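Structure first, then comments.
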Amino acid sequence: MQPPGPGEAKEQETRGRSFSSLLRSSTALGWAAAFLAPAAISSLDALSSRPSYQLAGFLYLLAVSLAAYLGGFAAGLVAAVLSTLGLDFFFTPPRYDFIPANGDQGAGVALFFVVAILISQLFERRRQVQRQAEAASARANRLQAVTARLAEAVTPQQVLDAIVTEGVEAAEARAGAIGLLTADGETIEIVAQRGYERNIFVGWETFPLAGDTPMATAIREDTPFFFSSSAERNAAFPPMAGLGGPSHALAILPLVVEGRAIGGIAFTFPTEIEFDAERRALKATLAQQAAQTIERVRLYEAERALRQRMTFLADASELLGSSLDYEATLAQLARLAVPEMATWCSVDMVGQDGSIQRLAVAHEDPDRVAWAESLGAEYPPDPDQPMGVPNVIRTMTAEFVPEITDELLVEAAQGDERLLEIVRELGLRSAITVPLIARGRALGALSLIRDDTAPRYTELDLDLASELARRAASAVDNAILYREAERRGDASRALAHVDDGVVLLDEEGAVVSVNPAAARILSVDSAAVVGETALGSIGGWSEIEENARPSRGQTRGPVTLPLILSDGTERWVSVSGVDFGDGVVYAFRDETEERLLERTRSDFVATASHELRTPLSAVLGAVKTLQRNDVALNSDDREMLMSMIESEAERLSGIVGQILLTGQLEAGRLPLEHEHFDPVELTKSVVDSAELHLPSGIELRVQAAADVPAVSGDPNQLRQVLANLVDNAIKYSPQGGDVELRLNRNGQFARIEVADRGLGIPLDEQERIFEKFYRLDPALTRGVNGTGLGLYISKELVERMNGRISVDSEPGRGSTFVVEVPLAV
Amino acid sequence: MTAQTQRADPARLLVLVADDEPPIRLLCQVNLAVAGMDVLQAADGGEAIELARSSAPDLILLDLMMPRVDGWTVAEELGADERTRDIPIVFLTARATTEDRRRAEKLGALGYILKPFDPVRLAPLVTQVVERCARGEADALRKERSPQLWPADLEG
């Protein structure tokens, strides 16, 4: 049905109003004419040329006609009486008295009354017809007004308001109500009412369609009920007796769209009335209009909601895909949902420890958000809570509460009066909580809540929320996976560069990863051991297992262990283990060198202190002896002591010199000369010096080839090297024997050999004797002193002269040290 | 070294000094001689055992670190030999560890003098040890642990 436009309706309304006002004013004019017109005619008597009896009689007749026409029968009658009196008093001789004169006069008076009656009757019928037309028009106008307002209505609330406000008036009713079938089709809900006493619907907000009530029956049976009185109603519906005050009429009609009942409308009248066909038809029309408009708006509303949902879902999807910072994205999503989708929207996430943390709360009003956040901090979610977010996360099932009842609030508050008061104050109406599930795990939950300013949620909203949660969970999961991948990537990149070895084992003890440092420290090929058990594939792992394996969730170590590795080498390794539930991480540090250095260093301290102590005690003792004044020393003793002091002081200075030299070599601060000199001459001078302190049983010999050319280097340092080698040769020849120095040319080098027939050096030690602080096994060289620095210094010096030094030896048969120095060019 | 195998004068004390360091032997020689003692010198452990057996000295000043045969071996060998077991031994060494001193104690040493030592005090110590041992007070002397004969452990 196409309702008339608002402009047209208004025009009709204006016309109707002028007609009724004219009707009212003509009656008044009639009465005015009834009194004034006869009086005016009577006043003509005062004129000098006074009208004749005939003329006056005619004028009075006109006055009666006018009054009867305008004012009706009563006015006409009054005008006729006044006219009769006026005509008799003023214009009928004898004038100025009321004595009737003749039959003419009587005929005139009769005429007045006949005219008054005829005219008034004639126009009274017309007026009645007009009045009826006017009433019908007014009703039509009211209907038009209802239609007009309905046309403007876009929300269900406006529709219901228009129907009830205008419709009640149009139906001449005192009050009205509309009930609609709910989504389940089983219940009728009073969605709007007007004109009733307060509280009349308490307990009647909803009632079952199957019930024995007028509206339920009207809807069920698609039949209107018209009750002229309360008694009539009570007779049909006994349970209704006693309701609704004094006896009155009641009309209840089903709201039907395309043959389908969507609800019912009730009109309550102030008094008992009879429902004639016209009244019934009007009510039916109203009901029909209401039904169609409600349906139209419902469709419109549904379409609008659908469009809004689609838009929201599209916006949300775009938002979710826009960033990997899912915390920020979810907070934005919550803001996107208000106020259209929800009055309140919140997102809660499950933390690493399983606790539930609120990620975001959104509301139109930032103050409310702040308030909600502080309230959330005050009431942290209890994971065991039987409903709400914890329950949704725990059960991974959505919670849909279309109608938040007070009982529900009381239950949720769990006896906290203050909390109950707060949630009651919020006026929460409807709620949806959906879990965010990815890969079978609840990541969190999304909550949508509407208060009583917004419509209740429907199944459609639940579907939308579920879809939204699905997309959000997938986005969050992607972001988490990406982050983890990135972190793992970072971690393995970082692990490749750390010096510490890191080995990751899974719960079963199989190797998951081995970084390059660990592969080096443990002497394994990482590709070969990954996937194998550590015990079976990494040498020495049983030692690690025994001493560094942490118990579940614990950390153990670090401990330093000597490990025999797969390739047979021994290595000191510092190990610590951390069990992180899914496996164990072991960290390794190779301490072999530190250990060796530590040992040689402490050996050196012991050796050096002994080496220093012996000459020191000799010098000190000699000085004390020389200072004796209790006895007289003979001159030989004095002489011997003096020369002993000199030689021991030299020895001391030599040891100190070696230590200092080592320091300089290590710091790279030893300046070397580069001179050309004759190696043969230098060797002979070294031998000459050594001869001075030569022990018995040792002989020094020099054998030089004829063609040894000059060499390039630092002669003083080379002298030191040779002196040291000669000194060693003597020292390690305790049984005596010859020490031979041989010189010859070897390519671009001069070759100087120092050969003894002493203790010799085991093969496995020949490499190490040039190391700092290294000394031969004391069991073999018992009593042979030295700092362990001489050969180290020799090697360093020779190499700095671009020469080389080596040894060839056989235990028990002696050693030959070879020094080669580059020839001068 | 002095190859003296017979006592020149039975009234003078005969002391054997075993040390591979000639300066130490010289210090002992000079200071004991001015106190009226005769001194035998050994440059290593083997020589020391030989001289102890052949000369029966009144006391041995024994270094620990000597080539081939060290001081421990000398003390063990002499302690195991009937003829030499009663010769008082005083170690004269640079090795200052507690462990070494316990070992010396177990071997029945009467003193453990640390290098560097005061050679001037050497003769009175030798006289004291020899006289107390001659009176059969060797065990008492060991128990006394006089600070001159058992100086404090410098290296802890």
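Give, as ranges by residue number, the residues of segment A:312-329 whose backbone N falls under 18 Å from the point 7 Å along Cα→Cβ of A:L481.
Correct set: A:320-327.
If we sort A:232-240, B:54-62 on the protection proxy, mean other Cβ atoms within 10 Å, highest first, what's the order? Kindly include the intermediate steps, with their values, before the conclusion.
On the way: A:232-240: 14.9, B:54-62: 22.0.
Result, highest mean first: B:54-62, A:232-240.
Is any residue of segment A:729-750 close enough, with backbone N under 14 Å, to a label point placed 7 angstrom from the Cα of B:R68 along the Cα-Cβ axis, and if so, which?
Output list for this probe position: A:732-737.
Express the C-alpha Rg of segment A:401-463 as a ratio against the empirical globular expectation 2.2 N^0.38 Å, rounded to two decimals. Present the calculation step by step, with values, prior to reporting the outcome.
Values: Rg = 13.6 Å, N = 63, 2.2 N^0.38 = 10.6 Å.
Ratio of Cα Rg to 2.2 N^0.38 Å: 1.28.
Against the longest principal axis of chain A, how steep is helix A:715-731, in degrees 0 to 90 to the nearest 10, with axes from Cα atoms?
Around 70 degrees separate the two axes.
Over chain B, with a single point scatterer placed on each C-alpha, what log10 of the ratio I(q)/I(0) does the Debye formula yield at q = 0.17, 0.19 1/Å?
Relative scattering, expressed as log10 I(q)/I(0), comes to -0.94, -1.23.
What ranking do A:Y69, A:Y457 get, fewest neighbouring Cβ atoms within 10 angstrom at the top?
On the way: A:Y69 19, A:Y457 23.
Fewest-to-most ranking of A:Y69, A:Y457: A:Y69, A:Y457.
Per residue of B:62-69, count partner chain C-beta atoms within 10 Å of its C-beta, then hand back the mean as an integer. Please list the in-between numbers first.
Details: counts 0, 2, 1, 7, 2, 9, 6, 2.
Counting other chains' Cβ atoms within 10 Å and averaging over B:62-69 gives 4.
What is the dipole size for chain B, taken about its Cα centre, with +1 at each Lys and Arg Cβ and -1 at each Asp and Glu Cβ, in debye to the nearest 20?
Values: 19 positive and 26 negative charges, 73 e Å.
The calculation lands at about 360 debye.
Pop the C-beta distance of A:E152 and A:V410 into the FRET formula with R0 = 41 Å and round what comes out to the nearest 0.05. Show your work: numbers first, answer last.
Working: r = 42 Å, r/R0 = 1.01.
The value I calculate is 0.50.
Can you put A:K731, B:K106 in order of Cβ neighbours within 10 angstrom, beginning with the fewest?
Numbers: A:K731 20, B:K106 9.
Fewest-to-most Cβ neighbours within 10 Å comes out as B:K106, A:K731.
Evaluate the distance, in nm, between pseudo-label points positioned 7 Å from the Cα of A:Q664 and of A:D184 along their respective Cα→Cβ axes.
Label-label distance for A:Q664 and A:D184, simple model: 10.4 nm.
Report the antiparallel proportion of the DSSP beta bridges in chain A as a percent, rounded to a multiple of 5.
Details: 101 of 108 bridges.
Among the beta bridges of chain A, antiparallel pairing accounts for roughly 95 percent.
Across 10 Å bins from 0, what is the distribution of all Cα-Cα pair distances for segment A:117-241, in whole percents?
11, 29, 31, 15, 8, 4, 1
Towards the positive end of the charge dipole of the protein assembly as shown, with charges on Cβ (+1 Lys, Arg; -1 Asp, Glu), say which of A:V512, A:A618, A:S120 has the farthest Cα.
Among A:V512, A:A618, A:S120, the one farthest towards the positive end of the dipole of the protein assembly as shown is A:S120.
Could you work out the pair-distance distribution P(r) of chain A from its alpha-carbon pairs, with 20 angstrom bin width and percents rounded to whole numbers?
In order of increasing distance, the bins hold 10, 19, 17, 12, 13, 9, 9, 5, 4, 2, 0 percent.
Please give the length that would be gained between A:R307 and A:R418 if that part of the chain were fully extended, namely 0.36 nm times their separation in residues minus their C-alpha to C-alpha distance (nm, one decimal).
Working: separation 111, 0.36 × 111 = 39.96 nm, distance 4.00 nm.
Fully extending the segment from A:R307 to A:R418 adds 36.0 nm.
Please determine, in degrees from 0 to 90 and to the nearest 10, the orientation of helix A:459-497 with respect to the longest principal axis defined by the Cα atoms of chain A, where the helix direction is its Cα long axis.
10
If packing is taken as the average count of other Cβ atoms within 10 Å, what order do A:370-379, B:42-51 fall into, highest mean first? Each step should come with its number before you reach the end.
Numbers: A:370-379: 12.6, B:42-51: 21.8.
The densest-packed peptide leads the list: B:42-51, A:370-379.
Determine which residues of segment A:409-436 fall in the zone a paramagnetic label at A:R368 would reach in this model, i.e. backbone nitrogen under 19 Å from the point 7 Å along Cα→Cβ.
A:409, A:419-433
Separation between the A:E278 and A:D212 pseudo-spin-labels, each 7 Å from Cα along Cα→Cβ, expressed in nm?
3.8
Taking the Cα-to-Cβ direction at A:A649 and at A:Q357 and moving 7 Å from each Cα, how far apart do the two end points lie in nm?
In this crude spin-label approximation the distance works out to 7.7 nm.
Suppose the chain between A:D603 and A:V656 were pulled fully straight at 0.36 nm per residue; how much longer would it get relative to their current alpha carbon spacing? Could the numbers behind the result be given before it?
On the way: separation 53, 0.36 × 53 = 19.08 nm, distance 1.68 nm.
Length difference between fully extended and current span is 17.4 nm.
Could you order peptides A:691-698, A:73-80, A:387-394, A:629-636 by the average number of other Cβ atoms within 10 Å of their residues, highest first? Working shown, then result.
Details: A:691-698: 11.6, A:73-80: 24.2, A:387-394: 19.8, A:629-636: 9.8.
Result, highest mean Cβ count within 10 Å first: A:73-80, A:387-394, A:691-698, A:629-636.
Explain nothing, just the number: dipole magnitude of chain A about its Cα centre with +1 on each Lys and Arg Cβ and -1 on each Asp and Glu Cβ, in debye rounded to the nearest 20. It would help to have the intermediate numbers written out before the result.
Numbers: 75 positive and 117 negative charges, 864 e Å.
Dipole size: approximately 4160 debye.
Quickly estimate the mean residue ellipticity at 222 nm for chain A, helices only: each DSSP H run with n ≥ 4 gives -39500 (n - 2.57), and the total goes over all residues, rounded to 500. Don't skip to the answer; put the middle values down first.
Values: 23 runs with 420 residues, N = 825.
It lands at -17500 deg cm²/dmol.
Under the classification rounded if a/c is under 1.5, otherwise prolate if a/b is larger than b/c and oblate if not, where does segment A:331-460 fall, given a ≥ b ≥ c as square roots of the Cα gyration tensor eigenvalues? Walk me through the intermediate numbers first.
Working: a/c = 1.30, a/b = 1.19, b/c = 1.09.
Taking the square roots of the gyration eigenvalues as a ≥ b ≥ c, segment A:331-460 is rounded.
Once fully extended, how much extra length lies between A:R800 and A:A138, figured as 0.36 nm per residue of separation less the alpha-carbon to alpha-carbon distance? Can you show the working numbers first?
Numbers: separation 662, 0.36 × 662 = 238.32 nm, distance 12.65 nm.
Working it through step by step, the gained length comes to 225.7 nm.
Please work out whether segment A:668-727 counts as rounded, prolate or oblate from its C-alpha gyration tensor, where a ≥ b ≥ c are the square roots of the eigenvalues and a/c under 1.5 means rounded, while otherwise a/b larger than b/c means prolate and anything else oblate? Provide the component values of the computation, followed by the final result.
Numbers: a/c = 3.23, a/b = 1.39, b/c = 2.32.
Oblate is the answer for segment A:668-727, as a/c is 1.5 or above yet b/c matches or exceeds a/b.
How far, in degrees from 0 to 90, does helix A:156-170 lean away from the longest principal axis of the Cα atoms of chain A, to the nearest 10?
Between helix and principal axis, roughly 10 degrees.
FRET efficiency for A:H693 and B:E137, Cβ-Cβ distance as r, R0 = 45 Å, nearest 0.05? Please list the in-between numbers first.
Working: r = 44 Å, r/R0 = 0.99.
Working from the Cβ atoms, E equals 0.50.
Computed FRET efficiency, Cβ-Cβ of A:E810 and A:N629, R0 56 Å: what is it to the nearest 0.05? Present the calculation step by step, with values, prior to reporting the outcome.
On the way: r = 56 Å, r/R0 = 1.00.
Computed FRET efficiency for A:E810 and A:N629 comes out at 0.50.
Every number here is computed from the coordinates shown, using simple stated rules; none is lab data. All figures in this text were calculated on a predicted structure; none of them were measured in a lab. Glycine also receives a Cβ, built like all others from the backbone with ideal geometry; neighbour counts cover every protein chain displayed.
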